[in-house]
Amino acid sequence: MQDIIIYYTAGLLTGFIIMFFAIGKMKKEQSVLKRKYEKTSVGADDSELKVKTLENKIKTLEAALEKSLKKD
């Protein structure tokens, strides 16, 4: 009977140790993915800003072209 209790306790402790390391590994992977997502998100924001800037430049150039054509 004592052997069963010892084996059960040893198995339980082994399970806890394995889960502890597995959870630690998952948390590290989560933080890496979170940083990667944040970098990607910032890059997307930069791309949107560049597109808006270029659209504004195009509008300005179109307005200047039309003004120039009306003078001639």
Checklist entry - Can you tell me the accessible area per residue over the chain, all protein chains present, probe 1.4 angstrom, in square angstrom? => result 102 Å²
Checklist entry - Computed FRET efficiency, Cβ-Cβ of Lys57 and Ala22, R0 35 Å: what is it to the nearest 0.05? => result 0.10
Checklist outcome for this item: Given the candidates Thr60, Phe16, Val42, the one whose Cα lies deepest towards the positive end of the charge dipole of the chain, counting +1 at each Lys or Arg C-beta and -1 at each Asp or Glu C-beta, is Thr60
Item to check | Derived scalar couplings ³J(HN,Hα) [segment 9-16; Karplus, 6.51 cos²θ - 1.76 cosθ + 1.60; whole Hz; x for Gly, Pro] | outcome: 5, 5, x, 5, 5, 4, x, 4
Next on the checklist: Please report the net charge: other residues with Cβ closer than 12 Å to the Cβ of Leu33, K and R +1, D and E -1.
Outcome noted: +4
Next on the checklist: If you roll a 1.4 angstrom probe over the protein chains with everything in place, what fraction of the accessible area of the chain belongs to carbon and sulfur, to the nearest %?
Outcome noted: 67 percent
Next on the checklist: For the chain, what does the convex hull of the Cα positions come to per residue, in cubic angstrom?
Outcome noted: 45 Å³
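The values are calculated or read from the model by the stated rules, or taken from the named source; none is laboratory data. What you are looking at is a predicted structure, and each value in this text was computed from that prediction instead of being measured. Using ideal geometry, Cβ is built from the backbone for each residue, glycine included, and neighbour counts are taken over all protein chains shown. Calculation scope for accessible area: heavy atoms of the full protein, side chains included, ligands and nucleic acids excluded. Shrake-Rupley method; radii C 1.70, N 1.55, O 1.52, S 1.80 Å.
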